[in-house]
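Working notes, structure below.
Only the coordinates and a few stated rules stand behind these numbers; no lab work does. Since we're looking at a predicted model, the values are computed, not measured.
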Amino acid sequence: MTPVLETRRLTKRFGGLTALQDLDLVVSERTIASVIGPNGAGKTTLFNCISGFYAPEEGDVIFCGRRSLVGLAPDQVAHLGISRTYQNIRLFANMTALENILVGYHNRLTATWIASLFRTPRQRREEERALQEARQLLAFVGLGGCGDELARNLPYGAQRRLELARALANQPRLLLLDEPTAGMNPHETEDMMAFIRRLRDELGVTILLIEHDMRVVMGISEQVTVLDYGLKIAEGRPAEIQANPRVIEAYLGQRRDEVSPARPMDTGPPMADPAASRADVDRLPRSDDPEEPLRR
Ligand SMILES: Nc1ncnc2c1ncn2[C@@H]1O[C@H](COP(=O)(O)OP(=O)(O)OP(=O)(O)O)[C@@H](O)[C@H]1O
Ligand SMILES: [Mg+2]
């Protein structure tokens, strides 16, 4: 079966730092695959290379066996059917939940700008359909009654689900989730795990997720890839990874260049403050930044 995603010797450098080195990764259709590794291992950099935020120095990213994603802008990658969520939630804080989802339709609306200007019947039909679908999506993520709430007023777990609903509006074939349960309580984490399974089982979406909570990783993944200092140090089924000495060492070893120590594999709780985790995404414009809508 053709993989949905394949990276070939993917390499990304920042000055003298190699954040990702010669990474080969294959994700088959309808798989839930995880990428794990200590802080700074290159996980988010991988997502940024796939989704068009960063251009890799070497290597390739192949979507559905045909299309190279290298050189495409984020909106072009999204248009092909790849959606993502972010390590630190990115929502339009002062827009309603429904409006946040409608932003995700941007890629799918077909009316021309002239049609938009004069609000032709076709334009109106598209808008109505998008609104109806957005309501269905809200219900699907368990936020049925929250359409008119401002995003900033939603509880943390609900904001994460709203971000996911927006990603789904693009009808992705591949969904990239960067620490989807970070900062969640155990109950919210359980819900999110069940929800990710539903996305795969009911919508047939292939999922690649970055996670620090090992209960989540081991509970829902069929394939686990372990990065350390930008290198793949292990890959396999969850049970194999859990028993791999190199993986255990990477997690238990004190980082030479890190302020925060790597977290042990068997301590489940996700980081208390996901915003405290160092992320390159912080250096990118945020969704509540007026620049951000223009970037899409
Ligand atoms: N835009 C950037 N400019 C410079 N260095 C960067 C940039 N983005 C990432 N890095 C560096 O690349 C390395 C990998 O970062 P990355 O964010 O991919 O790690 P991560 O595995 O996602 O870590 P975490 O678990 O903390 O989120 C780190 O050393 C980071 O400081
Ligand atoms: Mg990260």
- Amide H neighbours of Ala19 under 5 Å, at least 5 residues apart or on other chains, H built in the peptide plane: list them. Lys12, Arg13, Phe14
- Note on the structure: A correct Karplus calculation of ³J(HN,Hα) over segment 228-236, with 6.51 cos²θ - 1.76 cosθ + 1.60, θ = phi - 60°, whole Hz and x for Gly and Pro, returns 8, 6, x, 9, 6, 9, 6, 7, x
- Note on the structure: The long-range amide H neighbours of Ser28, using H built 1.01 Å from N in the peptide plane and a cut-off of under 5 Å, are Val4
- Note on the structure: Rounded to whole angstrom, the alpha-carbon centroid of segment 57-75 lies from that of segment 236-251 at a distance of 29 Å
- Message: Show me, for segment 168-175, the HN-Hα J-couplings you get by feeding each phi into the Karplus relation (A = 6.51, B = -1.76, C = 1.60, θ = phi - 60°), rounded to Hz, glycine and proline as x.
- Response: 6, 4, 7, 6, x, 8, 10, 10
- Can you list the HN-Hα couplings for segment 24-39, worked out from phi with the Karplus curve (6.51, -1.76, 1.60; θ = phi - 60°), rounded to whole Hz and with x for Gly and Pro? 9, 9, 10, 10, 7, 4, 6, 9, 9, 10, 10, 10, 10, x, x, 3
